[in-house]
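Before any comments, here is the structure.
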Amino acid sequence: MPTCQNCYAKWAWKETLKGSFSIKNTALICPYCNAKQYPTAKTKKLSFVMSLFTLSPMVLNMVFPLGYLTIVIMLLIGVSMILISPFLTKVSNMEESII
Ligand SMILES: [Zn+2]
């Protein structure tokens, strides 16, 4: 779970998840001090790998035709990724470049 680098408060799972869904910008707002916090480069890389993993049943479908099961598996992986993502999120005061 992320810890705010401004006030060092540990964010709750629900708060982190809520923040991750704000489409407006990449910054997450600390629910305790309202400071802008940015996901670290490692967090961004991890979420990229997780989205690739979510899409992996599509590749599997090319080898073993699974039909509608592909969608079901993708949904299951996608939902579990969303549920575990707050545990893997780390934030920093500055926006980090992936490279
Ligand atoms: Zn804070």
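Just so you know, all these numbers are worked out from the coordinates, no wet-lab data involved. Given the structure is predicted, the values throughout are model-derived calculations rather than measurements. Heads up, the Cβs are rebuilt from the backbone with ideal geometry, glycines too, and the neighbour counts pull from every protein chain shown.
At-a-glance table
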| read-out | value |
| --- | --- |
| Nonlocal amide H pairs with Ser92, under 5 Å, H built at 1.01 Å | Tyr38, Thr40 |
| Chymotrypsin sites (Phe, Trp or Tyr not before Pro) within the chain: DSSP coil, no more than 16 neighbouring Cβ in 10 Å | Tyr8, Phe21, Tyr32, Tyr68 |
| Alpha carbon centroid spacing (whole Å) that separates the range 39-56 from the range 63-99 | 7 Å |
| Length-normalised contact order for the chain - Cα pairs under 8 Å, 6+ apart - percent | 41 percent |
| Computed FRET value (nearest 0.05) for Thr3 with Val49, which takes r as the C-beta separation and R₀ as 35 Å | 0.95 |
| Count of Lys pairs (Cα-Cα under 14 Å; at least 8 positions apart or interchain) in the range 13-92 | 5 |
| The chain, helix-only ellipticity at 222 nm - DSSP H runs n ≥ 4, -39,500 (n - 2.57), divided by all residues, nearest 500 | -17500 deg cm²/dmol |
| Positive minus negative residues near Thr40 (Lys, Arg vs Asp, Glu; Cβ under 11 Å) | +2 |
| Isotropically averaged projected area of the chain, using the convex hull of Cα atoms (one quarter of hull area), nm² | 7.0 nm² |
| The range 29-76: radius of gyration over Cα atoms, expressed as a fraction of 2.2 N^0.38 Å | 1.74 |
| Net lengthening on full extension, Glu95/Leu17 (0.36 nm per residue, minus Cα-Cα) | 26.2 nm |
